[in-house]
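*Asks:* First, the structure itself, so that you have it in front of you.
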Amino acid sequence: MSRIRLAGATRAAIVIGALALFPFLVGQQWVQIGVLTLMYAGLATAWNLVGGYAGYVSLGHVAFFGVGAYAVAVAFTRWFSIGGGYRPFYVLPLIGIGVALVSVPIGWIAFRTRAATFAIVTLTLLFVVQQLAFNLHSLTQGSLGILLPQPSFPNSEYEQPFYYAMLGLLVLGLLVSRWVATSKLGLTLFAIRDDEDRARGLGERVTLAKLMAFALSTGLAGMIGAVWAYHLGQIYPQFAVDPLITIGMVLMVYLGGKGSLWGPVLGALILVPAQQELAYDYGSSELYLIAYAGVFLAVMLVMPRGILPSLTEQWRRRSARSRPTRPSQRAEEPATS
Amino acid sequence: MSALLEASALRKRFGGVVAVDDCTFSVASGTVTGLIGPNGSGKTTVFNLVTGYVGADGGAVTFDGVHIRRPSPALLARRGLIRTFQQARIFPQLTLVENLVLALPQPWWGFGRASVGREERLRAEHLLDEFGLLAHADVAAGELSYGQQKLLEFAATLMSRPKLVLLDEPTAGVNPVVVERITSHVRRLNEQGLTFLVVEHDMNVVMSLCDPVIVLDGGATIAEGKPHEVQRDPAVLDAYLGE
């Protein structure tokens, strides 16, 4: 048991260490792609708490991303100054908690539905928030968008603070995911994914479990949205609450492996740079959507459970096939001696 | 013997169909009570009403001396009433141990605890051993055979030490060896003081296992008594064989 835990911690340290070193090795344009990659890795990890663990496919997560984005944009254009440029990062926990609290009553209603209906209800939420952003002029300036103050970070390292903020949120997301997966909360969520009615019949508090997962997930998405808005420097309703961001995070989770800890990160590490590459090479920013479809098809055909679970399963089968000789020998030893 | 579960004047209609109509019965503490009736007589609906899976149109349920105003599966489970389903229902992607541990309801503040505690694991392994499933303790439950899944579902109901277990066709679709094992478990647990309410189609099982037997037809109780008495009751014969 502890050896497994040690191996997991080592793997995490290597991956996070490599991601932390990355900005030192490459130029600013790559760090910028890194910011976007980590953003999606964090979003996918957050989405996985609900979509992967509990099996509730939410298409509305970007609504909370957008709420977080507008929270930071409104707060730092109207009420506060960004100071040295780091202040927006310091209020992230508040934004996370705020978004999580807002999501609870919404989740309470949405979770009365299941499966496809839940997906549609949450998708509706996305458009509700987008319409609010368009129409609450006094707060969001509607389609004019909000221009955020620009921090005075040095040009040569301008991307770094955003990169590390996103990395920090990803690590937070991974820690939360890992904690959930090894706790009673996670066990209840997995049971909900398998058979919610039976879990309820056994006396489990399924509604509470779903709401807790939802709040954790949306809180993370809100904080990531806040960093995104600050990084971009200007936000508009159609980009802050963009269905494509929702599709992106869902797709990355399915590609990497739904319900696994590292699957969503892997999915983002593959898809985001690939998407940027396509955008640069072919000039069209929408072309990646066709590639998305291609990737999705390939995953469904070759590894329907996603990359990580499929590989783990193969590895487990292979080691199980090669093993039988040794344990049986060991079992016979006491008898012969 | 006091009544552990009392249902009085239960009523439920689905559209124009009256599934359960003025159904009254009680399950005495310490018995294995059988609930039988021809197909469509409302047995499973009665189960669903009593356990709160389906809301009743009328009637009252009293469990363990407490009047349950609006039965809900989770609430009743926490009070000590657990059911199984006609089709074995387990959590296929979770291991056998996890399946059992899930049957121990947690208070809300317990969500942060380790998913499978040491003592919980010991208790789960003890139960798996009793049901001959210990060798598969850490296998995903979906990999078990159907008969084994039935046994696992049964074992899971015992995890939380309930007072009353509702078995919905415990022997449906399993081979005679597993039927024998399930019935012997029911007998053994009943001797230890656990009360059962069993819906069953296999009359041999009912006659050998249940006492008393309640007969439903058209959503109402038409007979109640010892198995051999019920078997000769003209109303029961009429319900099963028709006029």
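*Asks:* Taking only DSSP H segments of four or more residues, each worth -39500 (n - 2.57), what value at 222 nm results for chain B once the sum is divided by all its residues, to the nearest 500 deg cm²/dmol?
*Replies:* -10000 deg cm²/dmol
*Asks:* Using mean Cβ contacts within 10 Å as the protection proxy, how do A:191-198, A:59-66 order, highest first?
*Replies:* Put in order of decreasing packing, that is A:59-66, A:191-198.
*Asks:* Which of rounded, prolate, oblate describes region A:163-214, given a ≥ b ≥ c as roots of the alpha-carbon gyration tensor eigenvalues and a/c under 1.5 marking rounded, otherwise prolate only if a/b is larger than b/c?
*Replies:* Cα axes put region A:163-214 in the prolate bin.
*Asks:* Ok, one more. Pop out the ³J(HN,Hα) list for region A:65-74 in order, Karplus 6.51 cos²θ - 1.76 cosθ + 1.60 with θ = phi - 60°, rounded to Hz; leave Gly and Pro as x.
*Replies:* 4, x, 4, x, 4, 5, 4, 6, 5, 5
*Asks:* Kindly identify chain B as rounded, prolate or oblate by the Cα gyration tensor criterion: order the square roots of the eigenvalues as a ≥ b ≥ c, call it rounded if a/c is under 1.5, otherwise compare a/b with b/c, prolate if a/b is larger, else oblate.
*Replies:* Working: a/c = 1.95, a/b = 1.48, b/c = 1.32.
Cα axes put chain B in the prolate bin.
*Asks:* Would you please give the residues with an amide H less than 5 Å from that of A:LEU59, counting only those at least 5 places away or on a separate chain, with H modeled from the backbone geometry?
*Replies:* A:THR122, A:LEU123
*Asks:* Residue-wise, which Karplus ³J(HN,Hα) couplings in Hz belong to region B:78-91, taking 6.51 cos²θ - 1.76 cosθ + 1.60, θ = phi - 60°, and x for glycine or proline?
*Replies:* Each residue's phi maps through the Karplus curve to give 5, 7, x, 10, 10, 10, 10, 10, 4, 8, 3, 10, 10, 9 Hz.
*Asks:* Determine, for each peptide in B:140-151, A:6-17, the mean count of other beta carbons within 10 angstrom over its residues, then list the peptides with the highest first.
*Replies:* The peptides rank, most packed first, as B:140-151, A:6-17.
*Asks:* Test of understanding: in a Gaussian network model of chain B with alpha carbons linked when under 10 Å, which of B:THR95, B:THR31, B:THR171 would top the mean-square fluctuation ranking?
*Replies:* B:THR95
*Asks:* Now a separate question. From other protein chains only, count the Cβ atoms within 10 Å of every residue's Cβ in B:73-81, then give the mean.
*Replies:* Shielding by partners across B:73-81 averages 4.
*Asks:* If you don't mind, another one. Could you work out the relative contact order of chain B? I mean the mean sequence separation of Cα pairs under 8 Å and 6+ apart, divided by the number of residues, in percent.
*Replies:* 28
*Asks:* Once you average over the residues of B:103-115, how many Cβ atoms of partner chains fall within 10 Å of each Cβ?
*Replies:* Mean partner-chain Cβ count within 10 Å for B:103-115: 6.
*Asks:* Determine the calculated [θ] at 222 nm for chain A from helices alone, applying -39500 (n - 2.57) to every DSSP H run no shorter than 4 residues and normalising by the residue count; nearest 500 deg cm²/dmol.
*Replies:* On the way: 16 runs with 256 residues, N = 337.
So the helix-based figure for chain A works out to -25000 deg cm²/dmol.
*Asks:* For the protein assembly as shown, what class follows from the C-alpha gyration tensor (a ≥ b ≥ c being the square roots of its eigenvalues): rounded when a/c is under 1.5, otherwise prolate if a/b is larger than b/c, else oblate?
*Replies:* The shape class here is prolate.
*Asks:* In addition: Taking amide H atoms as placed 1.01 Å from N in the peptide plane, list the residues 5 or more away in sequence, or in a different chain, whose amide H sits under 5 Å from that of B:ALA220.
*Replies:* Long-range HN contacts for B:ALA220: B:ASP21.
*Asks:* Pulled fully out, how much extra length does the chain show between B:SER145 and B:ASP21, if you take 0.36 nm times their separation in residues and subtract their Cα-Cα distance? Working shown, then result.
*Replies:* Values: separation 124, 0.36 × 124 = 44.64 nm, distance 3.79 nm.
Taking B:SER145 through B:ASP21 to full extension adds about 40.9 nm, to one decimal.
*Asks:* May I pose another question? What are the ³J(HN,Hα) couplings of region B:130-145, residue after residue, when phi is run through the Karplus curve with 6.51, -1.76, 1.60 and θ = phi - 60°? Round to Hz, x for glycine and proline.
*Replies:* 4, 9, x, 10, 4, 4, 9, 3, 10, 8, 5, 4, x, 7, 6, 6
*Asks:* Straight distance only, please: which lysines reach the Cα of A:LYS184 with their own Cα at less than 30 Å, same-chain residues fewer than 8 apart left out?
*Replies:* Answer for A:LYS184, where 30 Å is the Cα cut-off: A:LYS210, A:LYS258, B:LYS150, B:LYS163, listed by chain and number.
*Asks:* In peptide A:178-184, what is the residue-averaged number of other protein chain Cβ atoms found within 10 Å of each Cβ?
*Replies:* 4
*Asks:* Still on this structure: Among the aspartates and glutamates, select those whose C-alpha is under 12 Å from the C-alpha of B:LYS43, and discard any that sit fewer than 8 residues away in the same chain.
*Replies:* B:ASP21, B:ASP168, B:GLU169, B:GLU200, B:ASP217
*Asks:* Let me ask something additional. Can you list residues whose amide H is under 5 Å from B:LEU4's amide H, if they're 5+ apart or on another chain and H is modeled 1.01 Å from N?
*Replies:* B:VAL27, B:ALA28, B:SER29
A short reminder: the numbers here are calculations on the coordinates, not readings from a lab. What you are looking at is a predicted structure, and each value in this text was computed from that prediction instead of being measured. Using ideal geometry, Cβ is built from the backbone for each residue, glycine included, and neighbour counts are taken over all protein chains shown.
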